[in-house]
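The values are calculated or read from the model by the stated rules, or taken from the named source; none is laboratory data. Only a predicted model underlies this, so the values are computations on that prediction, with no experimental measurement involved. Positions of Cβ are generated from backbone atoms using ideal geometry, with glycine treated the same way; all protein chains shown enter the neighbour counts.
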Amino acid sequence: MSNTSTPQKPPPPLTPTARAWRRFRRSKLAVIGLFMVALMAILAIGAPFIAQYDPLKNDLLNRAKPPTVEHWFGTDRTGRDVFARTIYGGRISLMVGLVAVTLSVTIGTIMGLISGFYGGIVDNFVMRLTDVIMSFPPIVIIMASIPITANLLSSDNSILAIMAVIGLLTWPQLARLIRGQTLIVRETDYVTAAQSLGASKTRQMFVHILPQCLAPLMVFATFGIANAILLEAGLSFLGQGVQPPTPSWGNMVESARSLDILENLPWTWVAPGIFTVITVVSINFIGDALRDAVDPRSK
Amino acid sequence: MSNTTNGNKPSALDGTTAEDLLRVDNLVKYYPIRGGLLQRTVAQVKAVDSVTFSVKKGETLGLVGESGCGKTTVGRTILRLIPSTSGKVLFDNKDVFSLNGTEMKALRKDMQIIFQDPYSSLDPRMPIGESVGEGLLVHGMRDTRKRNDAVMEMLKRVGLEDYHAKRYPHEFSGGQRQRIGIARALALRPKFIVCDEPVSALDVSIQAQVLNLLKDLQKDFGLTYLFIAHNLAVVEHISDRVGVMYVGKLVELAPRDRIFADPLHPYTKALLSAIPMPDPTLRRDRMILQGDVPSPVNPPAGCRFHTRCPFAVEKCKHQEPQLKELKPGQFAACWVAEDQIQKSQA
């Protein structure tokens, strides 16, 4: 059909990111997961506008009511609106997940890059540090360090302490992933080329090596958020996490430890439980699809 | 710098060092092999063992040898991309190994490298325009528009189009990538380029294009090349002088025509006789070497080539020959060749 002599401009190039996104969209579960997580995020961010009730305000006339039109998820034993508490609790849970993972990713990335790039004594030191941190059972050390951290941060607010502790204790896995990748990439000719052009070590690490580590980094971050949410819920359930009356999904479920609430007021603990499960499962679906999408071997 | 006229240093070739852009003096690179519980050094890979040569301004020095003979290590050590074990490199009368960070960065503008493998020498996550402009950026050209103009000019100069700048390396062929690598090295307008087997990963048809491009650029920019290769035909095409390496040592260094017409070192002779001739009826005596290349961890005593040399005499096993000017401009490290020439002169 077309004239063969006309030089045809080839289609615009697909960046590696664009190709990964195309592969990601192929997974239905991941797209649903992304939608659910987005919904949770909207509920959490917009909580003050969505909830008609104050999550902390007692209403003794409407105590322990099952779900109604006014109170969608019912009320608890002091008359607080469970829906309001659930979405405000989502704020806490998601924030803990995000902040803890941001901290963990930042430390892990820098430690991994430095360790792999410089090698030698630095590498040995960082790797032994990761060994030490990874050899503790996480729940135990987290429970032990939360009061200490809260004290150090001189805040009654244990949320800060939880975020700091989770962040400070989960970076070693990422540091190892990044270190391994750095060891491979730093030997490539294009890093040598950058060195020969006069690029600083920082530039070599962050401009040339780091982008090659983005795939494991994003997968780690996704699963990390889910894990941090679960950890926070677990800690709050054990009474070590977010302290009442501030709602979090964990401490709302914790109230079900009382047999009376477990049997007679199921709506107060089923809602936060389901929200936790949906969020964590959705994030894990996203993580799975992401891992496949960024794998250069897949098409 | 005064000329010591001891007659066995190749740098004495021209009587003065004034026009030498690069002088490499007894360059040594050993890689430690660590072992045992305490990770002590148990042995050393003698990748480059006391190599001395110089490169004149505007000249192309070809460096040939088998795989693993230390050619690439020489190139990278000169540019201080690998730390040297000992020795001295003078570039533009500056002692490269004693410069501090700032001075070294400034010097990097003048000396660049082109790599063998066009697939691993470009950052796969960076549009090639950025790769080409990176040198300009790190040396302080922050103005994006000015940098883009310089990049476009460079891309056109190596035969690419400006719309290529936004593309990623995987969208180019091997030959195109090699051109991009050349553009990146040239963007800083260096004086000296180490070409580390720049065409050996390319198709034969593309090799000629890239070689001619390199020659044109040399003329236009007044470049000096250290051209590392294992293909003698390629070296013959581009070099003014040729150095031959064997197990970490320079065994012969001579003007191109002398190397190809009248090689002195038996190893050079063997290499030359391995060049395939495009004439099946031609009969010739090929010099086929026996045995394997000795390990650079434990090189033979005396002349390193004596284990495979058909002319080796007793002396070769014990005494190491030095690189000497046996014929005008032609240096070789060989006892047998030295004796022959002395006899013919006597």
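For the structure I just gave you, tell me whether residue B:125 is more than 30 Å from residue B:25 (Cβ to Cβ) and away from chain A (no Cβ under 14 Å). I'd like the intermediate steps shown before the answer.
Working: more than 30 Å from residue B:25 (Cβ to Cβ): yes; away from chain A (no Cβ under 14 Å): no.
In short, no.
Just checking, which of B:204, B:138 is of a type in the set (A, V, I, L, M, F, W, C), away from every other protein chain (no Cβ under 14 Å) and free of Cβ contacts under 8 Å to residues at least 40 places away in the same chain?
Values: B:138 fails: away from every other protein chain (no Cβ under 14 Å).
When all the criteria are applied, what remains is B:204.
Can you find a residue that is in contact with a Ser or Thr (Cβ under 8 Å, 6 or more places away or on another chain), small (Gly, Ala, Ser) and under 23 Å from residue A:192 (Cβ atoms) anywhere in the stretch B:223-238?
Yes, the conditions are met somewhere in the stretch B:223-238.
Does residue B:160 satisfy the criteria of being out of contact with any Cys (no Cβ under 8 Å at 6 or more places or on another chain), more than 15 Å from residue B:177 (Cα to Cα) and either of a type outside the set (Val, Ile, Thr) or in contact (Cβ under 8 Å) with a residue 24 or more places away in the chain (or both)? Reasoning before the result, please.
Details: out of contact with any Cys (no Cβ under 8 Å at 6 or more places or on another chain): yes; more than 15 Å from residue B:177 (Cα to Cα): no; either of a type outside the set (Val, Ile, Thr) or in contact (Cβ under 8 Å) with a residue 24 or more places away in the chain (or both): yes.
For residue B:160, the condition - out of contact with any Cys (no Cβ under 8 Å at 6 or more places or on another chain), more than 15 Å from residue B:177 (Cα to Cα) and either of a type outside the set (Val, Ile, Thr) or in contact (Cβ under 8 Å) with a residue 24 or more places away in the chain (or both) - is not met.
Return only the number of the condition from (1) in contact with a Gly (Cβ under 9 Å, 6 or more places away or on another chain); (2) crowded, with 17+ Cβ neighbours inside 10 Å; (3) more than 24 Å from residue B:308 (Cα to Cα) that residue B:214 does not satisfy.
(1)
For the list (1) modelled with pLDDT of 90 or more; (2) within 14 Å of chain A (Cβ to nearest Cβ); (3) surrounded by fewer than 17 Cβ atoms within 10 Å (Cβ to Cβ), I need the number of the one condition that residue B:57 fails.
Going through the list (1) modelled with pLDDT of 90 or more; (2) within 14 Å of chain A (Cβ to nearest Cβ); (3) surrounded by fewer than 17 Cβ atoms within 10 Å (Cβ to Cβ), residue B:57 breaks only (2).
Let me spell it out: the conditions are (1) of a type in the set (A, V, I, L, M, F, W, C); (2) assigned to a helix (DSSP H, G or I); (3) touching a helix residue (DSSP H, G or I) at 6+ places or on another chain (Cβ under 9 Å), and residue B:253 meets all of them except one. Which number is the exception?
In the conditions (1) of a type in the set (A, V, I, L, M, F, W, C); (2) assigned to a helix (DSSP H, G or I); (3) touching a helix residue (DSSP H, G or I) at 6+ places or on another chain (Cβ under 9 Å), residue B:253 misses (2) alone.
Can you pull out every residue in the stretch A:201-218 that is without any contact (Cβ under 8 Å) to a residue 12 or more places away in the chain and more than 7 Å from every other protein chain (Cβ to nearest Cβ)?
Of all residues in the stretch A:201-218, those without any contact (Cβ under 8 Å) to a residue 12 or more places away in the chain come to A:202-203, A:211.
Result: A:202, single match.
So residue A:197 fits all but one of (1) within 14 Å of another protein chain (Cβ to nearest Cβ); (2) farther than 25 Å from residue A:111 by Cβ; (3) surrounded by fewer than 18 Cβ atoms within 10 Å (Cβ to Cβ); what number is the exception?
With (1) within 14 Å of another protein chain (Cβ to nearest Cβ); (2) farther than 25 Å from residue A:111 by Cβ; (3) surrounded by fewer than 18 Cβ atoms within 10 Å (Cβ to Cβ) applied to residue A:197, the lone miss is (3).
Hey, among the residues in the stretch A:175-194 that are under 23 Å from the mean Cα position of the chain (by Cα) and of a type in the set (D, E, K, R), which one's nearest to the other protein chains (Cβ to nearest Cβ)? Give the derivation first.
Step one: list which residues in the stretch A:175-194 are under 23 Å from the mean Cα position of the chain (by Cα), which gives A:175-181.
Still in the list and also of a type in the set (D, E, K, R): A:176, A:179.
Details: A:176: 21, A:179: 19 Å.
Looking at residues that are under 23 Å from the mean Cα position of the chain (by Cα) and of a type in the set (D, E, K, R), I get A:179.
Filter the stretch B:178-205 down to residues that are more than 23 Å from residue B:126 (Cβ to Cβ) and part of a helix (DSSP H, G or I) and give me whichever is farthest from the chain's Cα centre (by Cα).
In this case the residue turns out to be B:205.
When you look at residue A:80, is it surrounded by fewer than 15 Cβ atoms within 10 Å (Cβ to Cβ), among the charged types (D, E, K, R) and more than 18 Å from the chain's Cα centre (by Cα), yes or no?
Working: surrounded by fewer than 15 Cβ atoms within 10 Å (Cβ to Cβ): no; among the charged types (D, E, K, R): yes; more than 18 Å from the chain's Cα centre (by Cα): yes.
Answer is no for this residue.
With respect to residue A:222, is the statement that it is more than 30 Å from residue A:57 (Cβ to Cβ) and modelled with pLDDT under 90 true?
Working: more than 30 Å from residue A:57 (Cβ to Cβ): yes; modelled with pLDDT under 90: yes.
Criteria met by residue A:222.
Return yes or no: is residue B:80 at negative phi, at pLDDT 85 or above and not aliphatic (A, V, I, L, M)? Outline the logic, then answer.
Values: at negative phi: no; at pLDDT 85 or above: yes; not aliphatic (A, V, I, L, M): yes.
It is false that residue B:80 is at negative phi, at pLDDT 85 or above and not aliphatic (A, V, I, L, M).
Residue A:71 versus (1) modelled with pLDDT of 75 or more; (2) buried (at least 16 other Cβ atoms within 10 Å of the Cβ): which is the lone unmet condition?
(1)
Working only within the stretch B:93-113, note down all residues that are closer than 19 Å to residue B:218 by Cα and within 9 Å of chain A (Cβ to nearest Cβ). Working first, answer last.
First, pick out the residues of the stretch B:93-113 that are closer than 19 Å to residue B:218 by Cα: B:108-113.
Within the stretch B:93-113, B:108, B:109, B:111, B:112, B:113 qualify.
With in contact with a Ser or Thr (Cβ under 7 Å, 6 or more places away or on another chain) and modelled with pLDDT of 85 or more as the only criterion, which of A:95, A:40 stands out?
Working: A:95 fails: in contact with a Ser or Thr (Cβ under 7 Å, 6 or more places away or on another chain).
A:40 is the lone residue from the list that is in contact with a Ser or Thr (Cβ under 7 Å, 6 or more places away or on another chain) and modelled with pLDDT of 85 or more.
For the list (1) within 21 Å of residue B:333 (Cα to Cα); (2) surrounded by 20 or more Cβ atoms within 10 Å (Cβ to Cβ); (3) not aromatic (Phe, Trp, Tyr), I need the number of the one condition that residue B:198 fails.
Condition not satisfied by residue B:198: (1).
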